[in-house]
Amino acid sequence: MRLPHQSPHSGYTLTELLLSVVLVLGLLGAVVFNFSSGSRTAQLDEGATQVEAMFRFARAHAASTGKQVRVFFPEAESGDNAELLAAETPGATVRVTCELDPIGAPGVFTDVPAAANFVASISDLVSIQQVQSGVAASENSAQVAPPSGEPTGEPAPVEAARSAFATVTFYPDGTGDTVEVLLTSRSETDARRFSIRVTGLTGSIRRQIIADPAATETAPSASATEAAAEVAR
């Protein structure tokens, strides 16, 4: 009886199998690392998108219901109202409320159930660092001249006044407060900061990345770099 021909190379050696396993594990590790890094970076981007969508919702809700809508930021609260907001909404970054009865009970606001998804998503993704009124935000880099009668000198910069109540109000006529909100990611690995500015009259929203202040402070100035180069020569 004739046996079938058997090739000496019909199988894989143990070394080849081990190399294949190592390569597959290396590729899987690279994919997982890239995915996790991208997820941490996308957290702030998604949070900023949710904040913008919430502002648009609040503006549309005020116009459609004929009632004022107020957006509170408990994390950025700096007055006596901070403890009250923190107690009412523990762990929340934002709170969307609507005037219950403008005629019968003016000034009484209740949470908007339709905004619950925005509140939960934003609170999980980002932290609100600061809320500035539109005037203070626009004049942050401006300078004013000293009052008459005082000696002239270098003009003093106008300090950006933090809102006593970190609140943004939208009105039934479609307008609202002009405000700038500074937010950061909940992830410690993402050092970026986003500035979201809402123009109250038109409702336009602008997003801008703010440079990391730590990187700015540690970076050497151009003159210092040039001086070091001269010494090296």
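The values are calculated or read from the model by the stated rules, or taken from the named source; none is laboratory data. Keep in mind it's a predicted model, so treat the numbers as computed, not measured. Cβ atoms come from the backbone with ideal geometry, glycine included; neighbour counts cover every protein chain shown.
Residues in the range 73-114 that are among the charged types (D, E, K, R), over 23 Å from Leu183 (Cβ atoms) and modelled with pLDDT of 65 or more were compared, and the one that is surrounded by the most Cβ atoms within 10 Å (Cβ to Cβ) is Glu99. Among the candidates Val119, Val131, single out the residue that is modelled with pLDDT under 95 and part of a strand (DSSP E or B). After ruling out the rest, the residue left standing is Val131.
Name the one entry in Phe33, Phe57 that is modelled with pLDDT of 70 or more, surrounded by 10 or more Cβ atoms within 10 Å (Cβ to Cβ) and among the aromatic types (Phe, Trp, Tyr). After applying the criteria, what remains is Phe57.
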